[in-house]
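The structure appears right after this line, and notes come after that.
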Amino acid sequence: MQAALYHADFGYYTNLRGFGKDGDFITSPERHPAFGFLLGRQAVDVWEALDRPRPFNILELGAGSGALAEPLVSLVRDVVPEVVYTIDEISPSLRSAQQARLTDPAFRWHGADEAAHFILANEVADALPVDRVVVRGGRLRELRVGLDQRAALAWVEHDSVRAEIEAYFAALDYLPPEGQVADVCTALAEWVNGLARRLDRGVALVLDYGASPPRDSLLTYYRHTMGSDPLVRLGQQDISVHVDLRTLVRLAIAEGLQAGGVAQRSLLLNLGFQQVQARLRGLTDRQALAGLVEASGPGSQITALFLVRGLPNYKPAGATGRADWPAPHNLPSLPPDQAEAEFLSQWQAAFGTP
Ligand SMILES: C[S@@+](CC[C@H](N)C(=O)[O-])C[C@H]1O[C@@H](n2cnc3c(N)ncnc32)[C@H](O)[C@@H]1O
């Protein structure tokens, strides 16, 4: 998974340019820019809780095409002109795409190791490489990638697992049922440590699909078709694994952070989703936005975790809600849909104002 996604020449993320409808999968900020706009309100809420630091340092891990960063900064800078938005991006091609898109001086791609007041990671932990195990005779065995008799990539069962994997399950006090495959991310501890290190006093918001305890949740995406075989289309398809959020929370608490979570649907509703939705005119716009809170989709399947340091009485607006959101101005909408615009103009020509 490490090589398939991040190999210096052939890795999927190394060369990835596009997301959204021209890519392989779609994330919430790609579905609708109001996602970033609403998370901007959460950023301002953190800024106020911290007694309005200037500059206000935001750090985004794994920013994809920049679709979250752009509307978020445009909202925050209206309130805090001194916002500094740092991006920590592993993919060289995505970093270039971000630099071409995010031209506001608030953005920078250096200093990602410095302390931040607000850290964002949307669907990043699910792109961390995992190990695959299976239980046989009550014992963990590792599924490694090897070659079959025809020299094609194949799963090779090894009669034990590395000590880190053993320790991962021991910490959970859990063993998957006999015969069940599970994908475990032992790199999660280092990832949480990196995040905690950069959170001096402030809040991290981590959004991801969860699977706790870990199971066989590995999925591949190729041109919007979901699959489950990571040994094909190497470097051409995305591979992602649901995140063991329970372990993530345990690790964060061990780093001295406070932790709590809500479903993405609740997060967005608490941040004024309905108020924003009521102002969108286009049908495509409203439908794309509605997808973010769908109970059968990302609305309930994605969890938003708040990891907090140094704010013992803080109640995030995204977790508790607020009734007095100011009326949004410069509300971002999807770029005009050609087909919808043509349909409406033909309708208008035939029947007058729709
Ligand atoms: C599934 S994409 C999500 C992109 C974006 N956050 C979004 O929601 O559209 C994962 C992102 O994390 C980046 N990434 C993966 N591992 C990373 C790491 N260790 N450090 C920084 N970025 C990473 C990828 O290059 C990509 O930008």
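The values are calculated or read from the model by the stated rules, or taken from the named source; none is laboratory data. Computed from a predicted model, the values in this text were never measured in an experiment. Don't worry about glycine lacking a Cβ; one is built from the backbone with ideal geometry, like all the others, and counts go over all protein chains shown.
Would you mind finding the one in Asp200, Asp208 that is within 30 Å of His117 (Cβ to Cβ), assigned to a strand (DSSP E or B) and more than 19 Å from the chain's Cα centre (by Cα)?
Values: Asp208 fails: more than 19 Å from the chain's Cα centre (by Cα).
That would be Asp200, the only listed residue that is within 30 Å of His117 (Cβ to Cβ), assigned to a strand (DSSP E or B) and more than 19 Å from the chain's Cα centre (by Cα).
Looking only at strands (runs of 3 or more DSSP E) that lie completely in the stretch 90-193, which have at least 1 residues being among the charged types (D, E, K, R) and touching a helix residue (DSSP H, G or I) at 6+ places or on another chain (Cβ under 6 Å)?
Details: elements: 116-122, 131-136, 139-147, 153-158, 181-184.
Filter on the stretch 90-193 gives 131-136.
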Among (1) under 16 Å from Asp131 (Cα atoms); (2) charged (D, E, K, R); (3) buried (at least 17 other Cβ atoms within 10 Å of the Cβ); (4) without any contact (Cβ under 8 Å) to a residue 60 or more places away in the chain, where does Asp244 come up short?
(4)
Kindly check whether there is at least one residue in the stretch 84-107 that is more than 10 Å from the ligand (Cβ to nearest atom) and within 18 Å of the chain's Cα centre (by Cα).
yes
Of the residues in the stretch 235-276, those that are assigned to a loop (DSSP other than H, G, I, E, B), among the charged types (D, E, K, R) and under 20 Å from Ala211 (Cβ atoms) come to Asp244
Any chance Gln346 is surrounded by fewer than 16 Cβ atoms within 10 Å (Cβ to Cβ) and over 20 Å from Val44 (Cα atoms)
yes
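Would you confirm, using the coordinates I've provided, whether Ala263 is surrounded by 17 or more Cβ atoms within 10 Å (Cβ to Cβ) and at pLDDT 90 or above?
Details: surrounded by 17 or more Cβ atoms within 10 Å (Cβ to Cβ): yes; at pLDDT 90 or above: yes.
Yes; evaluated as a whole, the condition is true for this residue.
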Scan the stretch 1-44 for residues that are assigned to a helix (DSSP H, G or I) and away from the ligand (no atom under 11 Å from the Cβ) and jot them down.
Ala3, Ala4, Lys21, Asp22, Ala34, Phe37, Leu38, Gly40, Arg41, Gln42, Ala43, Val44
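Hey, among the residues in the stretch 49-65 that are crowded, with 24+ Cβ neighbours inside 10 Å and part of a loop (DSSP other than H, G, I, E, B), which one's farthest from the ligand (Cβ to nearest atom)? Working first, answer last.
The initial filter retains those residues of the stretch 49-65 that are crowded, with 24+ Cβ neighbours inside 10 Å, namely 56, 58-60, 63-64.
If we keep only those that are part of a loop (DSSP other than H, G, I, E, B) too, we end up with 63-64.
On the way: Ala63: 6, Gly64: 3 Å.
By that ranking, first place goes to Ala63.
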Condition set buried (at least 22 other Cβ atoms within 10 Å of the Cβ) and outside any helix (DSSP H, G or I), scope the stretch 66-83, selection farthest from the ligand (Cβ to nearest atom): answer is Val83
